[in-house]
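Notes follow the structure.
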Amino acid sequence: MRTGKGIFKKAALAGAFAAIYGGTAFAQVPAEVGLFNQWTANNGAITYNCPAGWACSVIAEGNGFLQLSMQQAGANDAYIRTIVTDQNATVDPTLTPASFADETVVLMTVNFGGGGMANPQGIIGQQTINQTTPDGTQFTANTAIATGWGLAAGGDAINIDQQLVNLGGAGYADDFVSNFLYAADADNNNDGMPDGFTMQLDQVVGLQQGTVGAPTDIQVFTLRQYQGTRQNNTGTATLPTGDNLAYNPGDNIKATWIGQSIDLGTGTGAGTGMMGSLFGYQAYEVVGSAQTPNPITYFSLFDTGPWNWDANFGGQPCLLDTAGNPNPSGATVCP
């Protein structure tokens, strides 16, 4: 995604994040409960597509708001689903993302015998934001949470995926491109931290446009970090200095790469021309490890890198992919 350098005010993300890592999953949640976007809105009136074998009844509704009870045939427990979208919205989120939608589900245990049985703690929820400002900046955020009874074995306690896009003119001139992903497990050992997480951050700064679609001045930043249950590999990261860094399953490992190419001459490709300025920096770290050296780092004023990219950190990032576009995520093969 891209954004210009002007001020952009992000919408606040709602949700019950105070208990985001708390609690252990209960019995397996029916698939229909965790299936989102099974609704449509017509001028603010929301209709929920009740799944087969379930009974759904409206508790409360209004313009851009619906709360209902859904209960599977033969089951005692009921699930309270709340859906919120923009007032007067007309949208089918299975076809077109809503500009704003918030959908949460809580569990209500029906206790026929009395005795004060409490409802199990937990929630599952999803929030989507798709907004475009008058200057053309597009902000997309998808956030999903699951705690307590709603947390399935091996599932994410939290998943955040954000994009910010502003074309701002041809190619990548004067653009800031950023992608962010964070996904984490629950905190089953109650130490205040997730048992494992994945974090990925990619940024591209395009400073000058040459031929259409070919940035001449570009900087790319890539961060990859995997910890705990999200890191199941044994490996050794190496750099041209000869330094190496060993890691094992469960370690908190991190890779960072910065590549920059500035065309000071007459060329039209990244780093070309009579006077090209190249820079590269790369680091590997096992967070909290006592081994030495840690982290290991390397930089060059003559090459952008990356160097000896460790495949356990995902696809190799690069300044430009084979199509000539910035490629920090490693989604395609670098030249």
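The values are calculated or read from the model by the stated rules, or taken from the named source; none is laboratory data. Bear in mind that the values here come from a model prediction, so they are computed numbers and not experimental data. All Cβ positions, glycine included, derive from the backbone under ideal geometry; neighbour counts span all protein chains shown.
General remarks:
- In the set (1) closer than 29 Å to Q162 by Cα; (2) modelled with pLDDT under 95; (3) not aliphatic (A, V, I, L, M), the condition left unmet by T256 is number (2).
- Flag for G273 being of a type in the set (G, A, S), at pLDDT 90 or above and part of a loop (DSSP other than H, G, I, E, B): no
- Looking only at region 291-305, residues that are touching a strand residue (DSSP E or B) at 6+ places or on another chain (Cβ under 7 Å), of a type in the set (V, I, T) and outside any strand (DSSP E or B) come to 1 in all.
- Failed criterion for T266 (all others in (1) more than 26 Å from the chain's Cα centre (by Cα); (2) at pLDDT 80 or above; (3) part of a loop (DSSP other than H, G, I, E, B) hold): (2)
- Failed item in (1) closer than 30 Å to G154 by Cα; (2) surrounded by fewer than 20 Cβ atoms within 10 Å (Cβ to Cβ); (3) modelled with pLDDT of 80 or more, with Q225 passing the rest: (2)
- Cβ pairs under 6 Å, 6+ apart, first in region 180-195 and assigned to a loop (DSSP other than H, G, I, E, B), second surrounded by 17 or more Cβ atoms within 10 Å (Cβ to Cβ) and among the hydrophobic types (A, V, I, L, M, F, W, C): D185/A157; A186/L151; A186/A157; P194/A184
- In the set (1) modelled with pLDDT of 95 or more; (2) in contact with a Ser or Thr (Cβ under 8 Å, 6 or more places away or on another chain); (3) more than 30 Å from Q162 (Cβ to Cβ), the condition left unmet by C50 is number (2).
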